[in-house]
Each structure stands twice: as C-alpha cells, then as structure tokens.
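Reading through the structure tokens given below for one structure.
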C-alpha cells in the first residue's frame, strides 16, 4: 500500500471504532480542507453514507463563501448539520472585530465557549431541515460524548502529542502530562460520566497528504484555497479578521501540491497566516488546554 | 467572486507519481540520553523543518536567554521546556529519498512509561539511544525488553554523545558488548549499533571525520534500510469484525460486515468462517466507496464485505477462511503482560479485555512469574502485579473469545486490559489453556453447596402453587414486541391464579443493576438476570422475562445460573443461538392472543402448568 492508502485505512478504522463505541457522537466541520477530508473519510468508512452528525461553530465572521459551500455540500450529501454560535457575545459585540476584545479572547468566546456549550446541549443548536433547506433552532439537545476533530499532528507542538482518542474532563480540559496509554489500535472508548472523548482520525496526516488525497479522490473544496487572479489565496481558512491570504499563484489542487512539495511553501508552517497564534508564545497551546480544537 | 463549484464525484484515479511507502519509527531510551536531540538534528539536517518553527524556537531561546538546542524543536510544550524532559510521545514528519516517515519521540522517564508504550506500539521499527558517557541504564534495558513484547522486530542502537568521551572507540565497543548481551537474553538482534553525536551531527546523515574508525551506516541510512513487514499478506486470513452496517433508512439494503484485514487476503466467492460462533458463508462482494469494484482485498485495508447468506454476525467476531488454519477459541489463555495501571492488577477483580474487535469481561486467574524488565530477574508466589511490572499470567474470560498465539499472528494475539475506564495493561498471548469447566459452572456448584435452605421444599411449593417453577425466557430480535407479549402472558396467567411474575428489562436496570453501564456490560446484566431468576424459581414462581438476541453462550449462562430451576425458551423470529432448539419457535408475533395460547399449551405439555385446560 502507498502512504495515502495506509493513512486512509487507519483513519477509516478510527472512524468506525468511534461510531461503534459512542452513542452520542458528532464530527466537527470547520469547512476547511482538513475537516472536509475527514467528512470524505467518513463517507469511505460508511460506504457512501454520513451517519455521524456534523457540527459547525459559526463565529459569524467566516468568509461568506465558506457558509455557501457548507450548505451546498450538506444538501448534496444529505448531512445531518448542526450549527452552534455564541449569540450573547455577538449581540453585545464582545468580539475582536468590534474592537472589544483581544484576538485570543475572541477565539475563546466565539469558538471555544460556543463549542463547549453547543456540545453539552446547554445552548441552542441550529439543525438543517432538508425538506425546507432552512436551519431550525432547537433547545435541550443531549450532550455529545464523542467528538471527532480534524486536528493534524504536524500543525504545531501540542497537537503532535495527541492520542487518536483523547479524554477531556468536565471542563473540557486536556491533561497533557497524564494521557491514557493507547496501543495496538485499542483506544480509550470507556469514559466516566460527565467526561467526553475527542477523536482525531487525521493525526498522522500532513498538509501535503491532505492535498494529495483531495487530488486522488477528487474531493470538492471551496475555491478560497485557489488564486483567482489576484496572486493571493487562503492556505488555511478561519475568520476573515484574523486569517490573511498568502501570496501564491496556485490556481488548482495540482499547483498547490507542487507548491507544498518543492515550491515556496515547502518549508513554511501552515498556520503562519493565523494572527492569534502570535499573541503569546504558546497561543494554540493555551487555547487547546481550554478546549479549542 | 465566483460561486463555489462542487465537482462531480468521480472514481479516484491512481495518480501518476511514483508510489512511496510510509513507516513509523519510535525513538526510545533512558531519560536524558538525547532522544529528542537525535530527532531534532535529523529533521534539521534533512531540511524537513518548517521555516517558521526553527525561527520561532530560536527566538524563544533568545528571549529566555537559553542556548538553542535541537531538542527544543520537539519539546514544544511549555511543561516540557520547563523540565527539559519529554513527557509524551510526539510525532514528527520527515521524508527521505525513499519513503515518508513519522518519527515518534518517546519519553525516557519511568513515570511516563505508558506514553513510551503508546508511542512504541504505533511503530514498525525503533531507534534506541544510549548515552556514551552514562552507558546502559535501567530504561535502556526496560525499553529494549518491551520492544519485543510490543511486536517491534527491527531495532538499531545509537550510542550518543560520543563527543563527550573524545570519540573513543573503546567506550563504544564496551557499550555494544554489554547491550548486545542484554538483548540476546530477550531474543532481539539489533540491525546496527551506530556511534553518534546528535548535537554535532556526527554520523547522522553523513559519516563523521571524528570517527574514522567507524565504517558502518549513518542513522539516516539505517532508517532507510528498515523493511516493511510484507509477510502479513502471506499469512492466513484474519479480519476482526469491527461493525455490521445496514443503512436501510438511506435506501441502502446492503448488509455490510466492516473491518480491517489484519493478515492474509480474501476474494469474492471464498467461504469464510466466523469465530467463536462458528458460522460460515461465502463472500458475495467486497465493498468500498468511490473506487472501482474489486474482487479481492488484502492485509492493511479497511474494507467491508457482503455475504451470500444472511447469517447473524456480531461485532467482535473474527473472520477467517475455510480451508485455512482457524483461530483458537476458549475462555482461558496464558499471556505475558505489562501493567501500567495506577492500581495493581488483582485476582478476583473484574476487568475488561479488548482483543482485536472483541470486548469481554476477564479475570486474572493466576500469576505464574513476575519479571523485572530491566534486570530480567523473576519472582514467583506473587499475589498482585504492580505498576510497570511485566508478568506471565493466566486469564479467564466470561465467554469464549477467538484469538491466535502472538508468535503466529501478533495482530490477533494481543489484548489490552481496562481498569476503571482506562487502558491499564497490555498482553501477548503465548498459550491456550484447555478447560473442561467454566467460571459460571464452578460458581453454580459453589453456590449450591453454600446455599442456606429453608424448611420448605420445592415439591411443597409446587403443590401449594399448583405449578412447577420455571423461567420463561422470551428472546429474539430487538423491537419485536417481546415485552408487551411477556406482560400480556403474565396478565393471562395471573388471571388464571398462577404465581407468576414479569421481570422487565428496564426494571432490572433501574433496580439492582443501576450501578452498571448497561451499554458496555451486557454480560454482567445477563449474569445478574440469571441470579435473579434463580431466586424466583427457587421461590416456586413462574418468572417471565425477555432478552434480545441471545447467543449460545448467553443462553447457556442464563440457564446455568437459574439451576436447579428450569429455563423455557420462547424465540421470536430469527435466532443467534444454535446449540439448543427453543422450546417454542414463533416466526412472527402476529396475533398476541394466539401466541399466548401456544405458550400456555407448551407450558402445559411440559407439565409446568399441569392443570391447565384448553
């Protein structure tokens, strides 16, 4: 088997294990390339179906095409879509783009807090109704105990230490120094009441592997990733106030792969366009301990 | 702005580039012997580091007025930089001319042995690092020993920090001698010993002028020389059943048995056997999404199959091929285990065993020897196994499991043990132990010997109630209306003045079983049901109860626990058990009244309700 087949087989195995072991299971979909590959791998694992609900935390500062793309795929692939957001912070304008918080505070509030409360069912969830094509507000949902996330170990230091199945306590805290053992493809699928487990099927994938797989499988991705004539493209998608496009003339998947293999990005970290990582020395590490994905 | 265009799904093309394989390598050894430096140097010297990362770490060192070290590249977590040791296994990505690597940097401190094991168990080959100045230390040996247990056959030893001993060949030779002797006792033969200084890059990717006396291979060359285990495909076929899918609601009628092929290969039309149930069928199709239709599949692939006949297969069974050596099945096995739990491993305590796809309750039956993995000294007569110890033990499972012996097929010959939600140990199976009696049978014999009996005998109760006590067990698929039937039967018999009681599943779960997680603990639930049934039948009552999808073992366990009481089985629809015929088979409930009449006739014929008149 070549490296993509090996990676695919392991990810499919992990997804099936999660589906077998967790009754309240959800997959986070950021609309970016990684979690879209993850969604594709779920369709691989379940033979064309997507039986696991997808959750998107909408900060309402996403690039608008991302939302269009999300809803098109959701309809086409009949996804069970759940959207969550921090309506209180948005209404009171306690955000970085409104000038009322730092970037990290904004992330913690619009992403981490919204995620935590939407997962637990404390906050409302917006569910896509496939008959009308509209999102319907629902309250009182059950807490999810298994959360599938598209984190990759090559993104930065703390992610490189994750387990495939990683326990989180009631506060969503991650105890990096005391993770349970994981061996021979036996994962942590037993958990105490009130705790939940995060599942990382893409840990072994690199940014290059993601694009190689998108090419091999012909997975639809949003064209924000491509240069549309202005010599810039997004390498990583996030909220528009904090994610800068990179200078690049890659117009399609093949050109992105060349750029990552031997071109200008062969040795430049993917998250270099994310401003919140630069606010303190360990931005992402700080966020992750507090429940960021 | 252009709209988002969704491409049509097409069958994936194979791609034009040369295929490369991928290998996971673990770096192990005693704390402070320089594992992280070896990895950092390897990444830096091969140009595999992201630009941002090197600059970021160097800038951080400058801010904190610390000299830059290659190890900092990996120990990117705040905790680890403060302590200067690796806590958890970190993955690094790295490419050579011939393949893609994931390098797993494992911690060397004994406190983090579980992290070292987690890292090493993911690897196909290992680099073991020994400090030339400190020499072979406790965890150099312990890690070396555990590699064999973890199934890693390829190891190379890097003797590091040769610069600190003046690049002295004598120091290197002495370590080679000492460590070779240790490894020989564990049955492991290293591929190479390499003298290096990771800090200065000696013999890492090119041979060093500082050690003209060494004319072996560099670290990078040694990695590229490791080989993939190709023989997996040539072994007998094994695929643990991970799950069984039927996406009927999505308009898909395929019943797909999903799993990863661990060894061997399988083709459409071949006859397969499932263990431990022993059921067999033929492969009708091999299922995958978004690929051309395939006639066969081989080790490493996560696939699905459909079968020619609809047989009842459950997750956790092991699929093998008819005509090839099958796995062993049984309840007792001997294993070499390592224990990582916070609490010691004890006899008479229930644990959960996860073996390939199976999950079963297990008890430690006996401890034969306990080994110090560093000193290789053994102890017998131990009552429990402490954290970080290695031991040879006998385990007994509640129900039969299918397995191979680890030397034959490692993937289906090893297991982990769960204690209080955590993976607390791992083991490799060395022997099957044939046994005539089961835990449940022994328990029932002991219970019968010690039971406090009253002055009222069973015939006295039968005479009083005008009936013979029995457990009427209604089984079949979930959702067939078994509970409603059971309740209606109770109402009917009660109206006929019978001493009868309906025990509902949820009542039992809410009552005596409220402390167990009923999703994962079906066997324990059924065991308790059997014990409760025994009380009712002993009291002379006709107990009516339901349980979905009982298999042979579960039925046998319930009947045995209910002894000396009788068990009468009414099955609705298809059934999983084969070893006995149901006392009454109902294909479809249809009219509940008719079914109740049939059950009463059967109970009457079998003399449980002797005075019953039609």
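What is the spin-label model distance, in nm, from residue A:132 to residue B:453 if the labels are put 7 Å beyond Cα along the C-beta direction?
In this crude label model, residue A:132 to residue B:453 measures out at 7.1 nm.
Across all directions of projection, what mean area in square nanometres is found for the Cα convex hull of region B:450-605?
Numbers: hull surface 38.6 nm².
Its Cα hull, projected and averaged over all orientations, spans 9.7 nm².
Can you give the helix-only mean residue ellipticity at 222 nm for chain B, where every DSSP H stretch with n ≥ 4 adds -39500 (n - 2.57) and the sum goes over all residues, rounded to the nearest 500 deg cm²/dmol? List each step's numbers first, then the result.
Values: 14 runs with 159 residues, N = 614.
Calculated at 222 nm, the ellipticity per residue is -8000 deg cm²/dmol.
Share of antiparallel DSSP beta bridges in chain A, in percent to the nearest 5? Before the final figure, lay out each step's value.
Details: 16 of 28 bridges.
Within chain A, antiparallel bridges account for around 55 percent of the total.
Place a label point 7 angstrom from the Cα of residue B:605 along the Cα-to-Cβ direction, then list the residues of region B:577-598 whose backbone nitrogen is under 11 Å away.
Residues B:583-585, B:598 fall inside that zone.
Which of the peptides B:334-342, A:87-95 is most tightly packed, and how do the rest follow, judged by the mean count of other Cβ atoms within 10 Å per residue?
Numbers: B:334-342: 21.4, A:87-95: 14.8.
Those peptides, ordered most packed to least, come out B:334-342, A:87-95.
Does region B:21-228 come out rounded, prolate or oblate, given a ≥ b ≥ c as the square roots of the eigenvalues of its C-alpha gyration tensor, rounded meaning a/c under 1.5 and, failing that, prolate meaning a/b above b/c?
Values: a/c = 1.35, a/b = 1.23, b/c = 1.10.
Rounded shape, in that the Cα axes give a/c under 1.5.
Can you work out the FRET efficiency for the pair residue A:139 and residue B:60, with r the C-beta to C-beta distance and R0 = 56 Å, to the nearest 0.05?
Numbers: r = 45 Å, r/R0 = 0.81.
Once the sixth-power term is evaluated, E becomes 0.80.
Between 0 and 90 degrees, rounded to the nearest ten: what's the tilt of helix B:522-538 against the longest Cα principal axis of chain B?
30
Place a label point 7 angstrom from the Cα of residue B:21 along the Cα-to-Cβ direction, then list the residues of region A:2-23 whose backbone nitrogen is under 18 Å away.
Taking a point 7 Å out along Cα→Cβ of residue B:21, the residues of region A:2-23 whose backbone N falls under 18 Å are A:2-10.
Report the per residue volume, in Å³, of the convex hull enclosing the C-alpha atoms of region A:208-277.
86
Could you work out, residue by residue across A:39-46, how many beta carbons of other chains sit within 10 Å of that residue's beta carbon, and then give the average as an integer? Each step should come with its number before you reach the end.
Details: counts 0, 3, 1, 1, 3, 5, 7, 9.
So the per-residue partner count for this stretch is 4.
Average partner chain C-beta neighbours within 10 Å, per residue of B:415-421?
Working: counts 2, 7, 1, 5, 1, 2, 9.
What the average comes to for B:415-421 is 4.
Can you give me the pair-distance distribution of region B:300-445, C-alpha pairs, 10 Å bins, whole percents?
11, 39, 33, 14, 4, 0
For peptide A:159-166, how many partner chain Cβ atoms fall within 10 Å of a residue's Cβ, on average?
Numbers: counts 3, 12, 14, 4, 4, 2, 1, 0.
Averaged over the peptide's residues, the number is 5.
At what distance in nm do the modelled label points of residue B:295 and residue B:377 sit from each other, each positioned 7 Å from its Cα along Cα→Cβ?
My value for the distance between the label points is 6.2 nm.
Of the peptides B:152-159, B:248-255, B:124-131, A:101-108, how do they stack up when ordered by the mean number of other Cβ atoms within 10 Å, highest first?
In descending order of packing, they fall as B:124-131, B:152-159, A:101-108, B:248-255.
Using the basic label-point model (7 angstrom from Cα toward the beta carbon), what is the residue B:271 to residue B:200 distance in nanometres?
In this crude label model, residue B:271 to residue B:200 measures out at 6.9 nm.
Can you sort B:205, B:429 by how many other beta carbons sit within 10 Å, fewest first? Intermediate results must be reported in sequence, preceding the final value.
Values: B:205 15, B:429 26.
Result, fewest neighbours first: B:205, B:429.
List residues of region B:330-355, by number, whose backbone nitrogen lies under 20 Å from a label position 7 Å along Cα→C-beta of residue A:192.
Under cut-off, by backbone N: B:340-346, B:350-352.
Please list the three semi-axes, largest first and in whole Å, of the ellipsoid equivalent to chain B, using sqrt of 5 times the eigenvalues of its alpha carbon gyration tensor.
Values: eigenvalues 678, 175, 89 Å².
That gives 58, 30, 21 Å for the three semi-axes.
For the protein assembly as shown, take every pair of Cα atoms, bin their distances at 20 Å starting from 0, and report each bin as a whole percent.
Per 20 Å bin, starting at zero, the Cα-Cα P(r) for the protein assembly as shown comes out as 13, 41, 33, 11, 2, 0 percent.
Calculate how many DSSP beta bridges within chain B are antiparallel, expressed in % of all such bridges and rounded to the nearest 5. Numbers along the way, then the final one.
Values: 78 of 123 bridges.
The antiparallel fraction comes to roughly 65 percent.
Based on Cα coordinates alone, diagonalise the gyration tensor for chain A, multiply each eigenvalue by 5, take square roots, and list the semi-axes in whole Å, largest first.
Numbers: eigenvalues 134, 114, 86 Å².
Here the semi-axes work out to 26, 24, 21 Å.
For each of B:377, B:412, B:445, count neighbouring Cβ atoms within 10 Å of the residue's Cβ, then give the residues from fewest to most. Mind dumping the intermediate values first?
Values: B:377 9, B:412 27, B:445 12.
Ascending Cβ contact count within 10 Å gives the list B:377, B:445, B:412.
Among B:348, B:33, rank each residue by its count of other Cβ atoms within 10 Å, from fewest to most, as a rough exposure measure. Before the final figure, lay out the partial values.
Numbers: B:348 7, B:33 28.
So the residues, fewest neighbours to most, are B:348, B:33.
How big is the gap, in Å, between the Cα center of region B:278-326 and the Cα center of region B:363-398?
Between the Cα centre of region B:278-326 and that of region B:363-398, the gap is 37 Å.
Counting DSSP beta bridges in the protein assembly as shown, what percent are antiparallel, to the nearest 5?
Numbers: 94 of 151 bridges.
Counting DSSP beta bridges with both partners in the protein assembly as shown, the antiparallel share is about 60 percent.
Hey, what's the Cα Rg ratio for region B:233-321 versus the globular rule of thumb, 2.2 N^0.38 Å?
Values: Rg = 12.1 Å, N = 89, 2.2 N^0.38 = 12.1 Å.
Ratio of Rg to 2.2 N^0.38 Å for region B:233-321: 1.00.
Using only Cα atoms, find the angle between the long axis of helix B:138-150 and the longest principal axis of chain B, and express it within 0 to 90 degrees, rounded to the nearest 10.
The answer is roughly 50 degrees.
Ratio to report: Rg/Rh of region A:64-146, with Cα atoms as the point set and Rh obtained by the Kirkwood method; give two decimals. If you can, show how the numbers build up before the last one.
On the way: Rg = 14.2 Å, Rh = 14.0 Å.
Answer for region A:64-146: 1.01.
Taking R0 as 25 Å, what's the FRET efficiency between residue B:138 and residue B:342 from their Cβ-Cβ distance, rounded to 0.05?
On the way: r = 21 Å, r/R0 = 0.84.
Computed FRET efficiency for residue B:138 and residue B:342 comes out at 0.75.
The numbers here are math on the coordinates, done by the rules we state, and not lab data. Because the structure is predicted, anything quoted here is derived from the model rather than measured. Quick reminder, even Gly has a Cβ in these numbers, built from the backbone with ideal geometry, and neighbours come from all protein chains shown.
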